[in-house]
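Below is one structure, written out as structure tokens; comments come after it.
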């Protein structure tokens, strides 16, 4: 379920929130925006939206960002679409792209006048109003899209002529026009920004009198700095209550003080709105994170220390992947690589890993864009040091385990997963002894589902994990482990080298659920598995990282490059599960090795 | 996987066994045979087979029994098929019926001469030999059937002319003929009965020399009584070692002593065969249970106290139902009713209940045959007593709970499931207070999978259950429970009366796994669920039992019939799950009611 109207209906009285972003002007800005969205999405906004470039100038970028938001960041995405400079063929092209990307939500707008013009004029073969756009989407795309429209609590700025605001007649015509947009297919209203909460609450009341019964979501733009605030309210012809002007006047040159006031004001406005019956806050983030997050924290709507996940990994929001409930553990630290590989799968399994085995995993074509330059620099700095022997490699892995390094070639994430820290000491010891760990999880036996860090899913359930460790090691060390295996009957393993030589004590179709949860009135949910078939796909990626991400830092013929190439050529990648999650000790087999 | 050859290959060195039955001559005999098979199947024979009526006289009965064995008793079934009196159209008819019943195993035989004749003569349009039959099956049915053929360690009786046995030449021709049956498509050999183990072991050796590498399964016919033994060995021209004749001579008129000797001899013969390399014993049961079971117990191949189930219920053996891994709990005490209802489902879900929701549950057309007359008599005797009020009904339910009654209208089984006995006292108290329980299970938290009584599946796993109780009760008592529900957040319930009025705190698509198991290198197995949609099918059956099975015992206008009809019309059927299988107490909500 990804349509906003459906998600709102499911909220059950809880106050929801959503975030609006705009397309940044630089490549680096885009990279940072994804990072920011990733962090903000962890708090489960009802949706995030991305604006259509003003005057249609950055249409391609908007489309690209919307696609990545939906499919790589996995936030439920709404894309703005305006009529400015958009003949109908371009509208269709955009809608088809959005649909192909599995996005189901559109904010249908008329848009601002084209750059350099004062008045909106319809382009030839295009639409003159949001109403026409809504009608067109419904006519040609049926129920596929959830359509949101804009509401103007102070009337559309085109009809505001002086500081006194719009005339009563203009305001009423505005309401009637909004009603016609809803009748044509609009399902949700997001409002223009405002700073007078009474204006919004009156607007809601007036809408209801005009027969508009859709959810009306207030658009909140927290004040981040004084000049921006002044520019924006002038452009939108927004009424600003005197007490806000009075409060800002003495601090307007102190950026920190303005920001703090912005947080305070935003919090108070939201409190008033919630008290007035609002169930959903739409935040104009201006691509900034702190102010918005501070407001939500003040309101008690988010808690940085207790991010409750619905699954151990962030579920995809693409409508074609809604059924996805299970993933191989191998990509736990490289979720985007996994999403990229599996982006062309036609249909995701309804809960069973089995059914998704047939389609081949794709290549990583679409993956490079998400590589962050900053991570590459960190890797070069931390992992590009002089390497003379395998022992130097062991030391680097051990240092990463202890938290002394921040980047890791085998992880997209900047830090170790929190749960791994529980077993840091034992992992560090393994790495020092030549078992180069790249993925692990501790055993978990019946922890309540709302336990911070480990928990996921709704409260009232119990969470389980089988202990897991995955590492590279030399053939000799692998041999030593395999010879001890008969003494550890609860362990199952698969080992493979770059040539594909395989050792294992399980069958190729033995899919092992290593993370599961038991919830009231539900079947057991099994989101993470060890699957021998996907392990063979993963091993190519895992071995490739030795050379493409790490050895490539060094010049040819350097000793370091030679050490890494030899490791790549000779080592095995080993995956071990301890199936006794109650009494087992996965690390016991490594004792004395 | 139901083909015998595949199952033999999977045995992994363990000694397997199988049981042969013949079609009884009376209806009561057939009824008893099913009961016997049901008990014997609990010990997981590799397969059971049913003979083709001698001379083809009971062909229809054989087909019927084979179908019921496979689909209601759920034992992997092999049907004998002979050429006697069978023109090719009749062969085809039989094979099509068997195939439609999901049976995959045929024992292809020439058969004995028709009744009243001395010599086998091919019927017009029929086959003259097992070899022709094997060829025909392979040609027309490809790989669908697993084909077993008969082997004659002492040569086929047709070629045995005196007490010295067959000639060397006849014996060799016999081996060559067996080889041709294998080349034509035979996969497994089951031998004629014998009493000299050396004869069998030599036969195996000779077969190998003739290039026959298929499994050769010795046919063992334990001695049950003296005259039968004499008749059978004469008919089959079986060599009987002198020490057996010597042992039987002094006890031949003492049936008990002969039986005890039969068990002793069978055990010793089997031990010798196993020591000689035999991995599979085929037992000619003569439709008798005790001797065969005693031999297997002596050999340590079965243990009455430790029947290890692969799932909490016996999995279907019909090839079309192989994927079935989940069932609603409602039919736990009426497995045959469930099998009957679902017998026409096209395809069983691969592990997910969800996919099987669409096909409607069938009616119970094929069900009545399995009603046992003895159960009907017991019901009439125990449940047909004078009833004047609801309290009399409560008392009967409570007495059944305490084990004072053996039959129960809502159960096909003769006794309470063993696990229910753990909560007998609390259930009895519920029944005394007007909560008339018909199904229940206690909570189980991480018991090892080989725990007697509760365990199922392979060893090394952990078993879980959510506590469950299902009962009829008055609207007033239901109301009292519902009003207490908010204080018991771990409970979920559905209640419905005969008219379909429903109360529930879960959604209609909320499928609750109430029995599951976690095993090494496997996904979590969830064989039993509470599914609201199938509950609505079950409730019709459950309410119907009040009238069709119980009230029907009484004459019209009797007070008892009135009490039962009123209960049927007014009570609710209630299903409650305690989702907290670790700390919950399902019975707490009934305190003070």
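The values are calculated or read from the model by the stated rules, or taken from the named source; none is laboratory data. Note that this is a predicted model, so its numbers are computed, not measured. Cβ placement follows ideal geometry from the backbone for every residue including glycine, while neighbour counts extend to all protein chains displayed.
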Q: Determine if segment A:439-449 includes at least one residue that is touching a helix residue (DSSP H, G or I) at 6+ places or on another chain (Cβ under 9 Å) and either within 14 Å of chain B (Cβ to nearest Cβ) or free of Cβ contacts under 8 Å to residues at least 12 places away in the same chain (or both).
A: yes
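Looking at segment B:504-521, can you tell me whether even one residue there is more than 14 Å from chain A (Cβ to nearest Cβ), farther than 28 Å from residue B:450 by Cβ and touching a helix residue (DSSP H, G or I) at 6+ places or on another chain (Cβ under 6 Å)? Spell out the reasoning first.
Here is the first cut: in segment B:504-521, the ones more than 14 Å from chain A (Cβ to nearest Cβ) are none.
Within segment B:504-521 (the criterion being more than 14 Å from chain A (Cβ to nearest Cβ), farther than 28 Å from residue B:450 by Cβ and touching a helix residue (DSSP H, G or I) at 6+ places or on another chain (Cβ under 6 Å)), the answer is no, since none of the residues qualifies.
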Q.
Looking at residue A:519 and the list (1) modelled with pLDDT of 95 or more; (2) crowded, with 21+ Cβ neighbours inside 10 Å, which single condition is not satisfied?
A. (2)
Q. Quick check: is even one residue across segment A:355-366 surrounded by fewer than 17 Cβ atoms within 10 Å (Cβ to Cβ) and at pLDDT 75 or above?
A. no
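Given the criterion in contact (Cβ under 8 Å) with a residue 60 or more places away in the chain, out of contact with any strand residue (DSSP E or B) (no Cβ under 7 Å at 6 or more places or on another chain) and either under 23 Å from residue B:195 (Cα atoms) or surrounded by fewer than 21 Cβ atoms within 10 Å (Cβ to Cβ) (or both), identify the matching residue among B:116, B:102, B:151, B:162.
B:102
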Q.
Given the options B:104, B:70, name the one that is modelled with pLDDT of 95 or more and closer than 30 Å to residue B:301 by Cβ.
A. B:104
Q | Count - residues of segment A:483-509 that are more than 20 Å from residue B:460 (Cα to Cα), more than 33 Å from the chain's Cα centre (by Cα) and not in a loop (DSSP other than H, G, I, E, B) | A | 4
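Could you list, in sequence order, the residues of segment A:510-525 that are assigned to a loop (DSSP other than H, G, I, E, B) and under 12 Å from residue A:326 (Cβ atoms)? Working first, answer last.
As a first pass, look at segment A:510-525 and keep what is assigned to a loop (DSSP other than H, G, I, E, B): A:510-511, A:519-524.
Answer for segment A:510-525, where residues must be assigned to a loop (DSSP other than H, G, I, E, B) and under 12 Å from residue A:326 (Cβ atoms): A:511, A:524.
Residues of segment A:88-146 being assigned to a loop (DSSP other than H, G, I, E, B) and under 22 Å from residue A:69 (Cβ atoms), which ones?
A:101, A:102, A:103, A:104, A:109, A:111, A:144, A:145
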Q: Go through segment B:238-255 and count every residue that is over 19 Å from residue B:268 (Cβ atoms) and within 34 Å of the chain's Cα centre (by Cα).
A: 2
**Q.** Positions within segment B:172-192 being in a strand (DSSP E or B) and either outside the structural domain of residue B:130 (by TED's automatic domain parsing) or within 15 Å of residue B:209 (Cβ to Cβ) (or both), in sequence order
**A.** B:189
Q: Provide a single number: the residues in segment B:461-490 that are within 14 Å of chain A (Cβ to nearest Cβ) and crowded, with 16+ Cβ neighbours inside 10 Å.
A: 10
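In this structure, is residue A:271 at pLDDT 95 or above, over 13 Å from residue A:221 (Cα atoms) and either out of contact with any strand residue (DSSP E or B) (no Cβ under 7 Å at 6 or more places or on another chain) or in a helix (DSSP H, G or I) (or both)?
Details: at pLDDT 95 or above: yes; over 13 Å from residue A:221 (Cα atoms): yes; either out of contact with any strand residue (DSSP E or B) (no Cβ under 7 Å at 6 or more places or on another chain) or in a helix (DSSP H, G or I) (or both): yes.
The answer is yes for residue A:271.
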Q: Answer yes if at least one residue in segment B:294-303 is exposed (fewer than 15 other Cβ atoms within 10 Å of the Cβ) and either within 29 Å of residue B:401 (Cβ to Cβ) or modelled with pLDDT of 65 or more (or both), and no otherwise.
A: yes
(Q) Looking at the structure I just gave you, is residue B:150 outside any helix (DSSP H, G or I) and either under 18 Å from residue B:218 (Cα atoms) or modelled with pLDDT of 95 or more (or both)? (A) yes
Q) Inside segment B:397-429, can you point out the residues that are at pLDDT 90 or above and touching a strand residue (DSSP E or B) at 6+ places or on another chain (Cβ under 6 Å)? A) B:397, B:410, B:427
Q. Checking residue A:320 against (1) farther than 24 Å from residue A:226 by Cβ; (2) assigned to a loop (DSSP other than H, G, I, E, B), which single condition isn't satisfied?
A. (2)
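So how many residues does segment B:491-503 have that are touching a strand residue (DSSP E or B) at 6+ places or on another chain (Cβ under 7 Å) and more than 14 Å from chain A (Cβ to nearest Cβ)?
Filtering segment B:491-503 for residues touching a strand residue (DSSP E or B) at 6+ places or on another chain (Cβ under 7 Å) gives B:491-497, B:502-503.
Keeping just the survivors that are more than 14 Å from chain A (Cβ to nearest Cβ) gives B:495-497, B:502-503.
Number of matching residues: 5.
For segment B:537-593, name all the residues that are within 14 Å of chain A (Cβ to nearest Cβ) and in a strand (DSSP E or B).
Residues satisfying the conditions are B:575, B:576, B:577, B:578.
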